Every structure is written in C-alpha cells, then in structure tokens.
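Have a look at the structure below, then the notes.
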Amino acid sequence: MYKSIFNKRETLKFKSFGRKGYSLFVCLGKEVLIGTLSVATLTYAKAGGISTEVEKVDSMKFRTNKEVMLDGVEITASRAPLALGQAARMVTVLDREQIAQAPVQSVNDLLKYAVGVDVRQRGAMGAQTDVGIRGGSSEQITILLNGINICDPHTGHNVFDFPVDLSEIERIEVLEGPAGRIYGTSSLMGAINIVTRLGAESSGDVHAEGGSFGYVTAGARANVKSGHWNNQISGNVARSDGFSRSKAGNLNADYSGGKAFYQGRYSDDKVALNWHAGMSTKGFGSNTFYSPSFDEQYERTTKYFTAVQAETKGSWFHFRPSVYWNRNQDRFELVRGVETKFPFNYHRADVFGINLNTYFDWSLGRTALGAEFRNEDIVSGNLGEPLHEPIPIHGTERDYQFGLNRSNLSFNFEHNILLNRFTLSAGFIAVKNTWNRMPFTIYPGVDASYRIGDHLKVYASYNSSLRMPSFTELFYSVGGHKADKYLKPEEMQAVEGGLKYFSDGVTGSVSVYYHHCLNMIDWVQDSSKPNSDWESVNYTKVNSLGFEASLALNFQRLLQGQDVLRTFNVAYSYIDEDKQGALHIQTRSKLEYLRHKLVASLQTHLFASLDFGVNYRFQDRTGSYVTVDKQVCDYEPYSLVDARLSWNRPEYTLYVEANNLFDKTYVDYGSVPQPGIWIIAGAKWHFKL
C-alpha cells in the first residue's frame with residue numbers, strides 16, 4: 001500500500017517490502033521524536049525546500065486532558081526531502097509550542113537554549129548578536145528564511161535582522177556541522193532555517209508587551225485564505241531606552257525599529273507556489289561594540305527581502321525553482337551624531353540568486369540534481385575597489401566611492417538509498433567563485449544510519465564545506481583595522497558519529513565530532529605593541545574535537561494521570577580546539593569559543609490555565625579580551641536563569657517573563673556589558689476573520 005509522502009495534504013503511508021525491486025519508503029512504527037527547545041533534542045525537519053506545512057503522523061497518540069498528535073516533519077540535511085526517520089543526519093527543531101513557552105524576545109535569544117549554538121550578544125532585544133555553531137563564528141553559518149539564503153556578504157553581525165516577528169515563526173531548524181553539499185558557500189559550520197507560518201484559516205492576532213528599561217513593543221497579523229490561495233501580512237514596532245549610559249550620561253544601548261512581512265501561497269494538485277516580501281529597519285546604540293575606546297557608537301540597518309519559490313507535485317519527478325533578491329543597508333557612527341572627526345560608514349549590499357533543483361524516484365532510490373547562481377554586489381564609503389563612477393548616498397551629500405561584485409556558481413548531486421533499517425545519503429557540490437578566480441572545487445559528503453531494534457539508532461557522517469571571506473574581512477582598513485583583499489576561502493572537513501535513543505516519554509542522544517579547518521579567517525592583534533592594528537588573516541588551521549549529549553523527559557507520557565509536570569530537558573556540549581594563540585596575540589572569534597555549555601529547562605502546569613517554565617544556562621568560554629582600561633582579561637564562566645509565568649487560553653495569553661532572574665553580571669563579547677534582570681509583561685489575542 002503506497003501513497004505519496006510528498007503531497008503535504010495526504011496521510012503519510014508506506015510501501016511494503018517485496019522480494020523484487022527496492023522500496024523507497026519504510027514503516028517506522030514508533031520512531032517519532034519530539035524536538036525539545038532547551039536541550040536541542042534532535043528531530044527531523046525540512047530546511048532546504050519551500051514547504052512550511054507540517055505533516056501529521058497518527059502513530060503515537062496519547063491522552064492527558066486532551067488527545068495529542070505528535071508532529072512528524074520532513075527532514076533537512078539533504079537536497080531531496082525524505083520521510084520521517086529516513087534521514088542519516090539529524091537537525092534540531094524548535095517548534096511553535098516551544099517558541100511560545102520560551103522567555104525570549106527574539107530569535108537570537110531563543111537560540112541560546114540550543115546546546116550546539118553559541119549566541120554572543122552585544123545588544124539586548126536582538127539589537128545585534130553574533131551566532132555561531134560548534135565553535136564557529138557568525139560568518140561561518142548559513143542563515144535561511146523559508147529555505148532562502150539571506151546571508152549578508154558585508155558582515156555576519158547583522159544577519160539576524162529578520163522581517164518577521166517571533167510570534168509568526170512556525171519552527172526553527174538548526175543543522176550542525178558542514179553543509180556544503182546542501183547550502184553551498186557560508187555553511188562551513190552549519191545552517192539555521194527560519195520557517196514562517198500561514199494561518200490554516202482566515203484569522204488574525206495582536207500582541208503587545210512592555211517592561212524594564214523603557215521597553216515597549218506591539219504587533220499584529222492578519223491572513224485571508226480562500227480556496228487555493230492564502231495571503232498574510234504582519235508587522236510590529238519596538239523600542240527601548242537601553243540598560244546602560246555612556247560616560248557622558250547619554251543613551252548608548254537604546255533601540256528602536258520595526259518589521260513588516262507579506263507572504264502568500266497558491267497550492268493545487270499539480271503545483272505549490274510560495275512568495276514573500278519583507279522589511280526590517282532598526283537603529284541601536286552600539287555602546288563599545290567595535291572599539292572599547294568609544295562608548296557612544298551607533299548603527300542603523302535597513303533590510304529588504306523578496307523571494308518566489310515553486311514545486312511541482314508529480315508522482316515521481318519534482319522540479320523546485322526559486323529566485324530571490326535581498327538588499328542590506330547599513331550606517332555606522334563611531335561617535336553618535338558627530339561626523340566631523342569620524343565620517344560615518346555607509347554600505348549597501350544587493351544579493352540576487354536563482355536556484356534550479358529537481359529530484360526523482362527510481363528503482364535504486366532517490367536522486368537530486370541542482371544548480372545555483374548567486375551574485376553579491378556592494379557599494380560603500382570605505383569597502384572595496386574604487387568605483388568608476390561614484391554613486392550618490394540617498395539622504396546625504398556623500399557618495400559611495402568603493403565597491404565589489406562577485407558571483408558564485410555551484411552544481412550539486414545527491415543520491416539516497418533507503419532500506420528498511422539502513423539509510424545512505426551521498427553527494428557533492430562543485431563551487432566556483434569569480435572574486436579569487438578559483439576553479440571549480442568539489443566538496444563531497446556522505447551520511448549513513450542504521451536503526452537497531454525499535455528504540456536505538458546509530459549514525460555516522462563525513463562532510464566538507466567552504467566559506468568565502470566577507471567584504472569586511474577583505475577591505476575594512478579603517479579605524480585601527482587592516483584588511484587583506486587576498487584572503488583565501490576557509491575550508492573544513494568533518495566526521496561525526498553518535499547514538500540516538502527514543503521511546504515513549506524519553507529521548508536522548510550522544511555524539512562525537514572532529515573538525516579539520518584550513519585557512520581560517522580571523523582578526524588578530526598583537527597586544528604587546530602599543531596601538532597595533534587588528535588585521536584580517538588566514539589563521540592557519542584549527543582542529544576541533546567535540547562532544548554533545550542530551551536527555552528529554554515527557555512526564556505526560558511517563559507519569560500519566562498527573563498534569564503538573566510537563567517536560568524536563570538537559571543537554572551538555574564540550575569543545576576542544578588544538579590551535580593555541582601566540583603570546584600577546586588577541587583574536588576576535590576563533591579562539592573565543594564555548595568550551596563548556598550546559599542548558600536545562602522544566603515546564604510545569606500549576607492549575608487551571610496557569611503554566612510556569614524555568615530555563616537554566618551555564619557557559620564557559622575560552623580566550624580573553626581587552627578592557628576599556630587596556631587590561632587583558634579572561635572570559636569568566638557564568639550561569640543564567642530565565643523564567644516565564646503565563647495564563648493560556650485559546651483566544652488569548654497573558655504572561656510575565658524574567659531574564660537573568662538573579663541579576664548576574666557577565667559579558668558575551670569583549671568589554672561590552674550585558675543587562676541585569678529584565679522583566680517583561682505582555683498579552684496576545686487571537687481571533688478568526
């Protein structure tokens with residue numbers, strides 16, 4: 001009995017095995033995993049495609065006060081979508097319910113609870129945050145919005161300026177480890193995909209919250225569904241006075257901004273068409289973000305996002321084209337509002353891309369083929385080669401006088417062999433970039449898994465990837481920085497192996513990985529030399545050995561009959577890098593990684609509609625930084641506790657959140673201070689149209 005698993009509106013079924021031929025799909029019985037937010041429990045999701053709908057697997061029903069149907073989601077980490085349980089490589093999924101339970105105000109804050117993710121916060125409320133995976137920097141991961149690459153070639157500092165509000169996100173998928181054959185350049189250490197939601201019926205909602213340090217935000221969403229069409233629009237605004245002041249007593253951690261997002265979908269029996277357009281704009285006090293000598297820095301960013309994606313729904317052959325354009329604008333002020341001594345830095349980057357992907361089923365498995373063209377163009381006041389003709393900067397009397405244009409062309413191939421208990425996925429990507437005149441270079445990868453019995457799976461993988469230098473690393477030679485426009489691409493090879501356990505109410509995993517990185521790029525400074533510059537260099541090679549373990553308990557399944565305890569999750573990550581910095585050499589990122597990270601959470605139901613959740617996080621970072629007083633200090637380990645109390649009804653939610661509940665003093669990045677206790681209260685209201 002067989003029914004296509006690729007039609008998102010159909011019930012998931014599987015073809016039985018016979019003596020002849022090969023079956024592409026297998027029945028996995030109880031092999032359904034729950035993704036848990038705080039420990040990044042591994043489950044399955046599709047990141048590379050265009051679908052934002054979650055399939056339901058009706059194989060693990062249980063009852064507490066109501067019947068709960070667990071979600072079975074398509075997998076990521078492959079070029080072609082695969083059914084639940086067939087992937088040899090797994091990803092972390094933070095689903096909508098987990099997002100709603102977390103005491104966070106941005107995607108950046110949410111990712112702090114994923115054990116393999118390093119979130120280095122500069123400004124609160126998502127103003128600016130560097131996000132890395134498994135010891136890597138913010139430049140070394142691919143960020144996607146509904147499967148579309150939205151990485152900023154200028155810099156990775158502001159890539160998390162999403163046009164969508166946190167309440168509009170359906171799920172977040174985190175793929176750890178090299179993903180070259182899936183996402184191409186930039187995915188050196190992994191990828192993060194933000195999947196938005198479209199209402200299942202015509203509906204709307206509004207929300208507002210406020211709290212410490214003059215924080216206020218409000219937003220709304222409305223969608224109209226009619227037949228095959230679904231259209232949705234949303235927006236929000238936010239502001240805060242910030243939690244600190246400069247030496248002169250002025251605001252230097254304030255924030256104000258807004259977001260707007262429109263998305264639509266047309267779907268019938270033959271084709272699914274998705275599109276979106278969005279904008280994010282914000283201005284924020286940058287404190288001492290880029291130099292401890294100036295405590296009134298300021299930055300304003302504006303970003304535009306557009307994309308159109310499609311997928312045919314044939315029985316065996318699927319064609320998935322997409323086209324996108326993103327624009328990123330940035331203005332940086334070293335001394336806020338004062339341009340006479342330090343001229344403002346202006347940048348505008350335009351990224352255009354087109355993807356042509358296809359996959360098909362045949363007697364030996366599932367094969368995927370594809371090609372991508374991506375063009376990155378920047379005009380700037382100080383980055384790049386001199387332009388033939390200056391371009392006026394809108395709203396000023398200055399011109400863009402420098403710029404750079406580069407294109408990336410890639411071809412990919414992948415084949416999947418799917419047997420009853422064994423899965424093998426292998427392929428490669430061939431990449432060519434015009435900037436450094438690199439020839440086509442092939443980066444292969446292979447993943448394999450084997451299911452032992454009904455509860456245990458063992459897996460292993462080998463993957464490779466690359467990362468092109470950002471425009472800042474190539475050309476930022478101002479303000480005590482000296483860049484090298486001849487930097488080589490970073491390259492990495494990685495092996496990983498692990499075990500995963502899953503049963504009613506208990507899921508767990510352990511994994512070990514080894515990374516071999518070549519030509520790593522970093523900003524370094526010789527602190528033994530007075531007023532020495534920060535220089536961008538290929539920092540030779542770095543080898544990393546890492547270990548991760550997680551455990552998730554669902555008390556509603558383990559202790560049926562009680563409704564107080566809901567879930568408990570705990571996870572631990574350890575990383576050791578063998579590259580040690582030379583004496584007096586300071587680095588910006590590569591040697592400042594999280595050696596130890598521990599996260600845990602407990603979700604409870606108190607009574608009636610009242611829920612309470614608490615999250616704990618411990619971090620111990622290697623490396624050191626230079627203070628405002630020119631002192632070299634080691635990063636100190638710290639622990640943080642966040643909590644959320646909420647009254648949840650189908651039509652509305654009332655809640656109070658506390659971040660850094662015990663008012664801990666800590667730093668994530670250099671000498672940039674972080675806020676103490678931050679209390680927020682809010683309300684959300686949902687209605688049908």
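Figure legend. Inter-residue proximity from the range 509-524: first residues closer than 12 Å to ARG134 by Cα, second residues among the β-branched types (Val, Ile, Thr), beta-carbon distance below 8 Å, spacing 6+ or different chains. Indicated pairs: TYR513/VAL495; TYR514/VAL495; HIS515/VAL542. In this structure, PHE471 does not satisfy being over 23 Å from ALA191 (Cβ atoms) and either under 23 Å from the mean Cα position of the chain (by Cα) or in contact (Cβ under 8 Å) with a residue 60 or more places away in the chain (or both). Being among the charged types (D, E, K, R) and either part of a strand (DSSP E or B) or touching a His at 6+ places or on another chain (Cβ under 8 Å) (or both) is a property that GLU201 lacks.
Only one of (1) part of a loop (DSSP other than H, G, I, E, B); (2) open to solvent by 20 Å² or more (accessible area, probe 1.4 Å) fails for LEU487. Which number is that? All conditions are met except number (2).
Criterion first (closer than 24 Å to ALA238 by Cβ, modelled with pLDDT of 90 or more, crowded, with 21+ Cβ neighbours inside 10 Å and among the hydrophobic types (A, V, I, L, M, F, W, C)) does ILE141 satisfy it? No, not satisfied.
The residue that is modelled with the lowest pLDDT, among those in the range 562-586 that are surrounded by 20 or more Cβ atoms within 10 Å (Cβ to Cβ) and over 21 Å from TYR501 (Cβ atoms), is GLN586. Taken together, the criteria place GLY135 among residues that are outside any strand (DSSP E or B), crowded, with 24+ Cβ neighbours inside 10 Å and either over 11 Å from the mean Cα position of the chain (by Cα) or β-branched (Val, Ile, Thr) (or both). When the range 108-125 is limited to residues that are out of contact with any strand residue (DSSP E or B) (no Cβ under 6 Å at 6 or more places or on another chain) and open to solvent by 10 Å² or more (accessible area, probe 1.4 Å), the one that is farthest from ARG617 (Cα to Cα) turns out to be ALA124. Of all the criteria given as (1) of a type outside the set (S, T, N, Q); (2) within 21 Å of ASN252 (Cα to Cα); (3) without any contact (Cβ under 8 Å) to a residue 12 or more places away in the chain, the one not satisfied by TYR669 is (3). Going by the conditions given, is THR653 out of contact with any Cys (no Cβ under 8 Å at 6 or more places or on another chain), open to solvent by 20 Å² or more (accessible area, probe 1.4 Å), part of a strand (DSSP E or B) and of a type in the set (Ser, Thr, Tyr)? It is true that THR653 is out of contact with any Cys (no Cβ under 8 Å at 6 or more places or on another chain), open to solvent by 20 Å² or more (accessible area, probe 1.4 Å), part of a strand (DSSP E or B) and of a type in the set (Ser, Thr, Tyr).
Here is the figure for the range 311-345: residues that are in a strand (DSSP E or B), over 28 Å from TYR266 (Cα atoms) and out of contact with any Phe, Trp or Tyr (no Cβ under 7 Å at 6 or more places or on another chain) total 3.
Let's see how each residue does on (1) under 21 Å from LEU273 (Cβ atoms); (2) modelled with pLDDT under 90:
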{"residue": "LEU145", "(1), (2)": "yes, no"}
{"residue": "ASN158", "(1), (2)": "no, yes"}
{"residue": "ILE182", "(1), (2)": "no, yes"}
{"residue": "LEU188", "(1), (2)": "no, no"}
{"residue": "VAL195", "(1), (2)": "yes, no"}
{"residue": "PHE213", "(1), (2)": "no, no"}
{"residue": "ARG245", "(1), (2)": "no, no"}
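Applying the condition of being open to solvent by 10 Å² or more (accessible area, probe 1.4 Å) and not aliphatic (A, V, I, L, M) to the range 297-308 and asking which residue is farthest from the chain's Cα centre (by Cα) yields TYR298.
The single residue among ASP504, ASP526 that is open to solvent by less than 40 Å² (accessible area, probe 1.4 Å) and either more than 12 Å from GLY177 (Cβ to Cβ) or of a type in the set (Ser, Thr, Tyr) (or both) turns out to be ASP526. In summary, SER167 fulfils each of the numbered conditions (1) of a type outside the set (A, V, I, L, M, F, W, C); (2) part of a loop (DSSP other than H, G, I, E, B); (3) surrounded by fewer than 24 Cβ atoms within 10 Å (Cβ to Cβ) with the single exception of condition (2).
With respect to the conditions (1) under 26 Å from the mean Cα position of the chain (by Cα); (2) at pLDDT 90 or above, LEU559 falls short on a single one, namely (1). Scanning the range 588-623 for residues that are on the phi > 0 side of the Ramachandran plot and crowded, with 16+ Cβ neighbours inside 10 Å yields a single hit, GLY623.
Okay, residues lined up against (1) open to solvent by less than 50 Å² (accessible area, probe 1.4 Å); (2) modelled with pLDDT of 95 or more; (3) outside any loop (DSSP other than H, G, I, E, B):
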{"site": "TYR625", "(1), (2), (3)": "yes, no, yes"}
{"site": "VAL628", "(1), (2), (3)": "no, no, no"}
{"site": "ASP642", "(1), (2), (3)": "yes, yes, yes"}
{"site": "SER646", "(1), (2), (3)": "yes, yes, yes"}
{"site": "GLU657", "(1), (2), (3)": "yes, yes, yes"}
{"site": "PHE662", "(1), (2), (3)": "no, yes, no"}
{"site": "ASP668", "(1), (2), (3)": "yes, no, no"}
{"site": "PHE687", "(1), (2), (3)": "no, no, yes"}
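As a summary of the residue check, TYR539 satisfies the conditions (1) surrounded by 15 or more Cβ atoms within 10 Å (Cβ to Cβ); (2) farther than 19 Å from SER464 by Cα except for the one numbered (2).
Looking only at the range 170-177, decide whether some residue is closer than 30 Å to GLU651 by Cα and surrounded by fewer than 23 Cβ atoms within 10 Å (Cβ to Cβ). Within the range 170-177 (the criterion being closer than 30 Å to GLU651 by Cα and surrounded by fewer than 23 Cβ atoms within 10 Å (Cβ to Cβ)), the answer is yes, since at least one residue qualifies.
Matching residues to (1) crowded, with 18+ Cβ neighbours inside 10 Å; (2) over 21 Å from the mean Cα position of the chain (by Cα); (3) of a type outside the set (A, V, I, L, M, F, W, C):
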position: ALA191; (1), (2), (3): yes, no, no
position: VAL216; (1), (2), (3): no, yes, no
position: GLN232; (1), (2), (3): yes, yes, yes
position: ALA248; (1), (2), (3): no, yes, no
position: TYR262; (1), (2), (3): no, no, yes
position: ASP269; (1), (2), (3): no, yes, yes
position: GLY278; (1), (2), (3): yes, no, yes
position: GLY285; (1), (2), (3): yes, yes, yes
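If I ask for residues that are among the hydroxyl-bearing types (Ser, Thr, Tyr) and surrounded by 17 or more Cβ atoms within 10 Å (Cβ to Cβ), which ones from the range 630-640 would you list? Passing the criteria: TYR635, TYR638. For the range 373-391, the count of residues that are open to solvent by less than 20 Å² (accessible area, probe 1.4 Å), within 31 Å of the chain's Cα centre (by Cα) and over 17 Å from ASP330 (Cβ atoms) is at least one.
The values are calculated or read from the model by the stated rules, or taken from the named source; none is laboratory data. Predicted, not measured: the structure shown is a model, and the values here were computed from it. Note that each Cβ is placed from the backbone with ideal geometry, even for glycine, and that neighbours are counted across all protein chains shown. These area figures cover heavy atoms from the full protein model, side chains too; ligands, DNA and RNA do not enter into them. Shrake-Rupley method; radii C 1.70, N 1.55, O 1.52, S 1.80 Å.
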